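The values are calculated or read from the model by the stated rules, or taken from the named source; none is laboratory data. Predicted model only: the values in this text are computed from it and were never measured. Here the Cβ is made from the backbone with ideal geometry for all residues, glycine too, and neighbour counts use every protein chain on show. With ligands, DNA and RNA removed, areas are computed over all heavy atoms of the protein, side chains included. Shrake-Rupley method; radii C 1.70, N 1.55, O 1.52, S 1.80 Å.
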Amino acid sequence: MPKQIRLGILTPSSNTALEPLTYQIVSSIPNVSVHFSRFPVKAISLSPEGLAQFDRSIIMQAAQLLAHAEVDMIGWSGTAAGWMGFEDDEKLCQAITKATGIPATTSVLALNKALGIFKVKKLGLVTPYLDDVQERIVKNYNDIGMEVTSETERHLRVVKNTDVALIGEDVLETLVGQVVEGGADAVSTFCTNLIAAHKVELWEAKYGVPVLDTVTTVTWDMLRQCGVDTKAIKGWGRIFQEA
């Protein structure tokens, strides 16, 4: 009988998308369960209040609660490192493991691993964020040698996190198509409150490039690090079959 694997996922309090999507992604693997711990996040901005939501000490409290469930892996299903810096997630993972003894990963660190596996050079970024938040994300990717241009990024200038989950599939599909037309050789739907993961396989077939949703990336990396054969997950994109 396969070992039961528990995945612990850190969740922004106002996120209404990632939990049902994550449950659906792992539903075909009977020995995997997912467990969630929330911490306060209401709006995304570069204001002092907006940045303070992602203070490491607050996130660590939520991680400690997941450790009470003796999860096998902890994942931060969020994209704040996109504007706060990738090293922020690296330090968070180190702190979680030091405090709990449990390995950790994040949506963004997992995305960056997948970009390397797929040998992506020009990334398409589809996000709900404000102009200045998007500029930070683009700069951080440019700084690690990933090309993101005005032709391969689209953002919707949404602040309130609950409003992000109301963005329609038709809107997201249009934006994905635009960044592919702009020359992207892979696309990330970059926000874990976008209801997008279930559309990835359709978009990959339509546009001919990998689509890496950030709800999906953290789930993929957690499963992979727990020794799960991700090829058992079908219908959720190339990442599970090819990466």
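For region 28-113, the orientation-averaged shadow of the C-alpha convex hull comes to 6.2 nm² (one quarter of the hull surface).
Across region 72-112, Cα-Cα distances exceeding 11 Å account for 58% of all pairs.
Taking one quarter of the surface of the convex hull spanned by the alpha-carbon atoms of region 120-197 gives a direction-averaged projected area of 4.6 nm². Between Ser107, Ser27, Ser45, the residue with the greatest mean-square fluctuation in the GNM of the chain (Cα pairs under 10 Å linked by springs) is Ser27. Rolling a 1.4 Å probe across all protein chains gives Tyr207 an accessible area of roughly 60 Å². In order along region 234-243, the Karplus-derived 3J(HN,Hα) couplings, from 6.51 cos²θ - 1.76 cosθ + 1.60 at θ = phi - 60°, round to 10, x, 10, x, 5, 4, 6, 9, 10, 9 Hz, and Gly and Pro are given as x. Measuring between their Cα centroids, region 84-145 and region 168-243 lie 15 Å from each other.
Per residue of region 117-132, in order, report the coupling 6.51 cos²θ - 1.76 cosθ + 1.60 (Karplus, θ = phi - 60°) as ³J(HN,Hα) in whole Hz, putting x for Gly and Pro. Result, rounded to whole Hz: 5, 7, 6, 6, 10, 10, 9, x, 10, 10, 9, x, 7, 5, 4, 6. Please compute one quarter of the surface area of the Cα convex hull for region 72-211 and express it in square nanometres. The orientation-averaged projected area of the Cα hull of region 72-211 comes to 8.5 nm². Residues considered: Asp143, Asp89, Asp213. Largest GNM mean-square fluctuation over the chain, using C-alpha springs under 10 Å, is found at Asp143.
Computed from the C-alpha gyration tensor, the three semi-axes of the ellipsoid equivalent to region 19-62 are 30, 13, 6 Å, from longest to shortest. Scanning residues 5 or more positions from Leu156 or on other chains, those with amide H under 5 Å from its amide H are Thr127, Tyr129, with H placed 1.01 Å from N in the peptide plane. Near Phe36, the amide H atoms lying under 5 Å from its own belong to Ile9; only residues 5 or more places off or on other chains count, and H is placed 1.01 Å from N. For region 111-152, taking the reciprocal of the average inverse distance between every pair of different Cα atoms yields a Kirkwood hydrodynamic radius of 10.7 Å.
Of Cys191, Cys226, the order by accessible heavy-atom surface (1.4 Å probe, DNA, RNA and ligands excluded), from most exposed downward, is Cys226, Cys191. With all pairs of different C-alpha atoms in the average, the Kirkwood value for the hydrodynamic radius of region 148-243 is 14.0 Å. In this Cβ point-charge picture (+1 for Lys and Arg, -1 for Asp and Glu), the chain has a dipole of about 560 debye about its Cα centre. Which one, Ile144, Trp203, Val215, projects farthest toward the positive side of the charge dipole computed for the chain from Cβ point charges (K/R +1, D/E -1)? The listed residue farthest towards the positive side: Val215. This model, with +1 at the C-beta of Lys and Arg and -1 at the C-beta of Asp and Glu, gives region 1-62 a dipole about its Cα centre of some 200 debye. Each principal axis of the Cα cloud of the chain was evaluated for its coordinate range; sorted largest first, these ranges are 46, 43, 32 Å.
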